[in-house]
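Asker: Just dropping this structure here.
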Amino acid sequence: MSENYTFNPDVLGEIRERARLGRYPIRGMGARRAVPNFDDLLLLTASASRYPLEGYRERCATRTVLGERNAREPVVLDIPITIAGMSFGSLSAQAKEALGRAASEVGTSTTTGDGGMTPEERRSSKTLVYQCLPSRYGFNPDDLRAADAVEIVLGQGAKPGGGGMLLGQKVGARVAAMRTLPEGVDQRSASRHPDWTGPDDLRIKIEELREATDWRVPIYVKVGATRTFHDVRLAVAAGADVVVVDGMQGGTGATQDAFIEHTGIPTLAAVRQAADALAGNDHVKLIASGGIRSGADVAKALALGADAVSLGVGALIALGCNDTEYDGPDGTRGDARPGYAALGMAPGSCVACHTGGCPVGVATQDPALSTRLDPVEGGRRVANYLRALAMETTMLARACGKADVHHLEPEDLVALTVEAAAMARVPLAGTDWIPGREGR
Amino acid sequence: MCGIVGLHLRDDALRPRLGALLRGMLCQVSERGPDSAGIAVYGDDSLAPVGQATVSLLGTDPSEVAMEGVTVASRGDVTLVSAPVPTEVLATRVAAALPHAVIVGRGPGLAILKGVGHPVTLADRFGLDTVTGYQAVAHTRMATESAVTAAHCHPFSVEDGVCLVHNGSFANHATIRRELIGDGVAFDSDNDSEVGARFLAHRLAAGDDVEKGLRRLCERFDGFYTLLVSTADSFAVVRDAIACKPALIAETDRWVAMASEYRALATLPGVEGARVFEPEPEEVYSWTR
Amino acid sequence: MDPLDLDRMSVRDVNRSLRELRAGDEVTVLNPMGRHNLAVGLDNDVTVRIAGPAGYYVGGLGKRATVVVDGPAGWGVGENLMSGLVRVRGNASQSAAASAHGGTIVVDGDASLRAAISLKGATVAIAGDVGAYCGFLAQAGTVLIGGDAGPHLGDSLYEAVIYVAGRVRGLGTDARIEELTETDVKTVTDLVDRYGFDHVDPRNVTRVASARQLYHFDTHAHDAY
């Protein structure tokens, strides 16, 4: 007998989990299901009609400037690849420090998360983006003024429209103190900001943050990708310098599974819609995030209209997430497999960030587990990863004949599937057919 | 998302200053809705002659109005056609004579002015400073999901003498639109606020008064809204259950005013002594002449 | 100090001038006319008097300063305050003292909906009534309401404590009325004396705090979420 497609073993497991818990399953990471993504696009590199630039010799610029619209000190990055907002609380202090070290080493930015800024993170990060979230945990004017940019978070790709739920296991003494919460409670975070609703009020909020920072730093607005075109237009109307669009593949530390798998739109579709919404607004920049893994993904996102990308899960994997080993003392490596087994997980498919039992020390507040990540070693791995991504991006851009990665354009792309062609609005490979385009 | 202001005069001595007072209010909410604006004026004889019906039109101009027995005025992109006949008779005649025009306002003594652009520029183009009357409502728009055109501007006036303006966004308007279309209601735009206006008009036609119609609207619509509804002799305000969009009401012996923000009230005569309060969620507040 | 006149200066220039004040300075801001973001982000021991109505976020993101509004205030007065005092000699609109971590926010009139939402340690004293959802998700701090409280008072409270001198129109989820202790009476007495809330009898207030039933995700409390 063949397996039931509708009620397959995964589905049976999910039903049993709900039957056991009496509530929705909560987990970490992003959407696991297959959705159209950057693998469904290909770059049309040069041949006879266009000439490639010589790799390793001829210049291909990666410098990226964000926030020139209003800020006295725009964010200037060496590469268009940034680290997304992930909270101390969700991640260990070691993981936050490692991300800061990596970003600083390669000349890019990292971002705080729900719960505020840690001194380690500020010290280790050359360019640090400070998030202003609905919960406002740990939000304060000193850290605001210490930041290099401010990101107002309306939502994230894993759960657009949803609030947070950080389970008590991860609310240790330091996290609790930073968030002004009793230790060990399951914290419920708000889905809306406490003091404004709607883009007209957001305009006033943005002005407040500019006044409090003396118009020095750029203000980003981050949205989870749903009604992307309208949301991006409204973020611009409200005065954002940079719009961050997080597609449904974007990760999370702890979110209801139903949210992760069933809300929002794929990053591929979101980038194109966001770029359309920004057409004619050259001074407002676009950061795309959600499932970016490789330099090829970066090049394709830039070609579709992003000015930079942001990545979370990819950086965590580079740190050691889902690896079988962790950083032991004196350069040794420890066996993480028993830790995964204790969580009912296996390395390679672990999504137990929400439990705080991370066996490689990335997504935990357990003092014994968090020391399994060496911030220096972890930082080195992430820096290597970011450098590799940047090199892949310039390699592909050069091959398309571009002297600047920001010169990549939608016309450099074709799609492998009709779905991706329709979402990205680029031709199906080998044709000049763009689904939905009039007159074709 | 948007800015709303409205002024309902109790003291007739203020009638010559209605437009100037409204202009002062409108300028203070222009940042809330910089892309377009609309104004409803009740009782300005030069725009909508007393004792006659007036329809306000977009998409035409006075030279195209070749109709017998009507008077024609214009302000900005709006053409106003008036005649001493019932409103529906005039609206039917205008629709037949100018099929390409969009009727954006209808009612005795009611003129609707709408346009795309910065609200302050529009106020000048409409000559708002010289407008007179006993009641006026204005709206500045920051479009959320539908297009920025004059036809998408508030106020929506789809029933004889009734105007509705909205700040916020409805979350289930598509279904209600389909239901209304099923009941034979026609729409001029894809704006969610027009659904609110059509729903209310539909309820009024079924015999509800404004207050009852607004209570039904609260029951039926999801989303965030502050609504200001005016008729030839009344002025009403209601907010959603969560009261997510701002609203203030101020009341003196000489006037009743409503605005999204206090700054829009700050220039009104005698505001220092006014009773100023925020409307409670889902409670209908109304004033009648 | 010479007053700063908003008829002649932009909000941006006024705020810059306020940031440049030295400890002990006192200044009046004229013709505020409900403008937004006045005296936000201050970080010094100064006294700023706003001579008239203020718009959104007046005194927000502040430290150490004293900001007095002689008139009503818009949304989010004193939002995210860290220390110092923001006092409104009139009514406050929605979300007064939202997420305030420290310092004191005093409203001599009424406050609208969601006052003290997500409060994180500040003291909030409102002489008059408050609208619905006062203290929603408030994590820490003290709220004194001199008048009546609207429905859903203290919904989803954490460790903040609310005292109500008037009537409570309804408690929010997980909020409960608790017995008044001598410590409570002393806390309320201090506030009443300091801010001149003569109409409040510290021994005759209702203490509202969290029942702590939502502290741990309970599968059978679905309606509460």
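No value in this document is a laboratory result; all are computed from the given coordinates. Predicted, not measured: the structure shown is a model, and the values here were computed from it. Note: ideal-geometry Cβ built from the backbone for every residue, glycine included; neighbour counts use all protein chains shown.
Asker: Evaluate peptide C:104-114: per residue, the Cβ atoms of other protein chains within 10 Å of its Cβ; return the mean as an integer. Provide the component values of the computation, followed by the final result.
Answerer: On the way: counts 0, 0, 0, 0, 0, 1, 2, 1, 8, 7, 4.
Mean inter-chain Cβ contacts per residue within 10 Å come to 2.
Asker: Further, regarding this structure: Hey, fewest Cβ within 10 Å first, where do C:F136, B:F221 land in order?
Answerer: Numbers: C:F136 26, B:F221 21.
If I rank by nearby Cβ atoms, fewest first, I get B:F221, C:F136.
Asker: Pairs of alpha-carbon atoms within less than 8 angstrom and 6+ residues apart define the contacts here; what relative contact order does chain A have, in percent?
Answerer: On the way: 1037 pairs, mean separation 100.8, N = 440.
Across chain A, relative contact order equals 23 percent.
Asker: Now, a different point. With a 10 Å radius around each residue's Cβ, average the other Cβ atoms per peptide and rank B:159-166, C:6-13, highest first. Kindly include the intermediate steps, with their values, before the conclusion.
Answerer: Working: B:159-166: 25.6, C:6-13: 13.6.
Output ranking for B:159-166, C:6-13: B:159-166, C:6-13.
Asker: For q values of 0.07 Å⁻¹, compute log₁₀ I(q)/I(0) with the Debye formula on a Cα-only model of the protein assembly as shown, without solvent.
Answerer: -0.63
Asker: While we're looking at this one, here's another question. Can you tell me the Rg and the Dmax, both Å, for the Cα atoms in segment A:1-65?
Answerer: 23.6, 63
Asker: Can you classify segment B:128-174 as rounded, prolate or oblate using the Cα gyration tensor, where a ≥ b ≥ c are the square roots of its eigenvalues, rounded means a/c under 1.5, and otherwise it's prolate if a/b beats b/c and oblate if not? Don't skip to the end; give the middle numbers.
Answerer: On the way: a/c = 2.40, a/b = 1.69, b/c = 1.42.
In terms of gyration-tensor shape, prolate.
Asker: If you don't mind, there's one more thing I want to ask. Take chain A, drop everything but the C-alpha atoms, weight them equally and run the Debye formula without solvent; then report log10 I(q)/I(0) at 0.06, 0.07, 0.09, 0.14 Å⁻¹ to two decimals.
Answerer: -0.24, -0.33, -0.55, -1.35
Asker: Helix-only estimate, please: 222 nm mean residue ellipticity of chain A, summing -39500 (n - 2.57) across DSSP H runs of length 4 or more and dividing by its residues, to the nearest 500. Numbers along the way, then the final one.
Answerer: Numbers: 15 runs with 147 residues, N = 440.
My calculation for chain A gives -9500 deg cm²/dmol from helical runs alone.
Asker: How big is D, in µm² s⁻¹, for segment C:1-135 by Stokes-Einstein at 20 °C and 1.002 mPa s if Rh is the Kirkwood radius over C-alpha pairs? Working shown, then result.
Answerer: Numbers: Rh = 13.9 Å.
For the chosen part, D equals 154 µm²/s.
Asker: Modelling each spin label as a point 7 Å along the Cα-to-Cβ direction, I'd like the A:R216/C:S10 distance in nm, to one decimal.
Answerer: Output for this residue pair reads 1.9 nm.
Asker: Given 10 °C and 1.306 mPa s, how large is the Stokes-Einstein diffusion coefficient of segment C:1-66 in µm²/s, with Rh as the Kirkwood radius over Cα pairs? Write down the numbers at each step before the final one.
Answerer: On the way: Rh = 11.4 Å.
Answer, rounded: 139 µm²/s.
Asker: Something else now. Where does the charge balance sit around C:A96 when Lys and Arg score +1, Asp and Glu -1, over other residues with C-beta under 13 Å from its C-beta? Walk me through the intermediate numbers first.
Answerer: Working: positive: C:R87, C:R114; negative: A:D195, B:E278, C:E79, C:D108, C:D110, C:D129.
Around C:A96, the surrounding residues sum to -4.
Asker: Per the Debye formula with a single identical scatterer at each Cα and no solvent contribution, what log10 I(q)/I(0) holds for chain B at q = 0.10, 0.16, 0.17 Å⁻¹?
Answerer: For chain B at q = 0.10, 0.16, 0.17 Å⁻¹, log10 I(q)/I(0) is -0.46, -1.27, -1.45.
Asker: Mind listing the Cα extents of segment A:37-102 along all three principal axes, in Å, largest one first?
Answerer: Its Cα atoms span 53, 35, 25 Å along the three principal axes.
Asker: Between B:D12 and A:H283, how high is the FRET efficiency from 1/(1 + (r/R0)^6) when r is the Cβ-Cβ distance and R₀ = 51 Å? Nearest 0.05.
Answerer: On the way: r = 51 Å, r/R0 = 0.99.
Calculated transfer efficiency: 0.50.
Asker: If Lys and Arg each add +1 and Asp and Glu each add -1, what is the summed charge of the other residues whose beta carbon sits under 11 Å from the beta carbon of C:R64?
Answerer: Numbers: positive: C:K63; negative: C:D43, C:D45.
Result for the local shell: -1.
Asker: Fewest Cβ neighbours within 10 Å first, please rank B:T87, B:T144, C:T183 accordingly. Intermediate results must be reported in sequence, preceding the final value.
Answerer: Working: B:T87 19, B:T144 22, C:T183 8.
Sorted ascending by nearby Cβ count, the order is C:T183, B:T87, B:T144.
Asker: Name the residues of segment A:229-270 whose amide N is less than 17 Å from a point 7 angstrom out from the Cα of B:D190 along the C-beta direction?
Answerer: A:229-234, by backbone N distance to the label point.
Asker: In a Gaussian network model over chain A where Cα atoms closer than 10 Å are linked, find which of A:V313, A:V242, A:V76 has the largest mean-square fluctuation.
Answerer: A:V76
Asker: Here is a follow-up. Can you list residues from other chains, or at least 5 along the same chain, whose modelled amide H is less than 5 Å from the amide H of C:L4?
Answerer: So C:L4 has HN proximity to C:T28, C:V29, C:L30.
Asker: Continuing with the same structure: Provide a whole-number value for the mean count of partner chain Cβ atoms within 10 Å of the Cβ atoms in peptide C:32-45. Each step should come with its number before you reach the end.
Answerer: Details: counts 3, 7, 10, 5, 10, 9, 1, 1, 7, 10, 2, 4, 0, 0.
Per residue, the average neighbour count from other chains is 5.
Asker: Can you pull the mean other chain C-beta count within 10 Å for peptide A:181-187? It would help to have the intermediate numbers written out before the result.
Answerer: Details: counts 6, 7, 0, 2, 8, 5, 5.
Per residue, the average neighbour count from other chains is 5.
Asker: Let me ask another. Given R₀ = 45 Å, what would the calculated FRET efficiency be for C:D45 paired with B:R275, taking r from the Cβ atoms and rounding to 0.05?
Answerer: Values: r = 37 Å, r/R0 = 0.83.
After rounding to 0.05, the efficiency reads 0.75.
Asker: Working from Cα positions, state the angle (0 to 90°, nearest 10) between the long axis of helix C:182-195 and the longest principal axis of chain C.
Answerer: Between the helix axis and the principal axis of chain C, the angle is about 20 degrees.
Asker: Of A:G251, A:G198, A:G155, which is the most mobile in a GNM of chain A whose springs link Cα atoms less than 10 angstrom apart?
Answerer: A:G198
Asker: What GluC sites (Glu not before Pro) does segment C:138-225 have in DSSP loop regions with at most 15 other beta carbons within 10 Å? Write out the running numbers ahead of the final one.
Answerer: Numbers: sites: C:E159, C:E178, C:E179, C:E182; in loops: C:E159, C:E179.
Counting only loop positions with at most 15 other Cβ atoms within 10 Å, the GluC sites (Glu not before Pro) in segment C:138-225 are C:E179.
Asker: In nm, to one decimal, how far is the A:V418 label point from the B:D61 one, both placed 7 Å along Cα→Cβ?
Answerer: Computed distance between label sites A:V418 and B:D61 equals 4.8 nm.
Asker: Among B:V55, A:N281, A:P74, which residue has its Cα positioned farthest towards the positive end of the charge dipole of the protein assembly as shown, with +1 placed on the Cβ of Lys and Arg, -1 on the Cβ of Asp and Glu, and the dipole taken about the Cα centre?
Answerer: Selected residue: A:P74.
Asker: Additional query: Starting from the alpha-carbon convex hull of segment C:4-224, give the projected area averaged over all orientations, in nm². Don't skip to the answer; put the middle values down first.
Answerer: Numbers: hull surface 46.4 nm².
For the Cα atoms of segment C:4-224, the hull's average projected area reads 11.6 nm².
Asker: Go ahead and run the numbers for FRET between A:N4 and B:T175, Cβ-Cβ distance against an R0 of 22 Å, rounding to 0.05.
Answerer: Numbers: r = 34 Å, r/R0 = 1.55.
Calculated value: 0.05.
Asker: In which sequence would A:I292, A:I206 go, from the one with the fewest C-beta neighbours within 10 Å to the one with the most? Please report the intermediate quantities before stating the final value.
Answerer: Details: A:I292 29, A:I206 24.
The most exposed by this proxy come first: A:I206, A:I292.
Asker: Moving on to the next point. Kindly provide the helix-only [θ] at 222 nm of chain C, computed as the sum of -39,500 (n - 2.57) over DSSP H runs of four or more divided by all residues, to the nearest 500 deg cm²/dmol?
Answerer: Numbers: 2 runs with 23 residues, N = 225.
After summing the helix terms and dividing by the residues of chain C, the value is -3000 deg cm²/dmol.
Asker: Right, something else. Pick from B:A174, B:A40, B:A20: which residue has the top mean-square fluctuation in a GNM of chain B where Cα pairs under 10 Å get a spring?
Answerer: Comparing B:A174, B:A40, B:A20 in the GNM, the peak value goes to B:A174.
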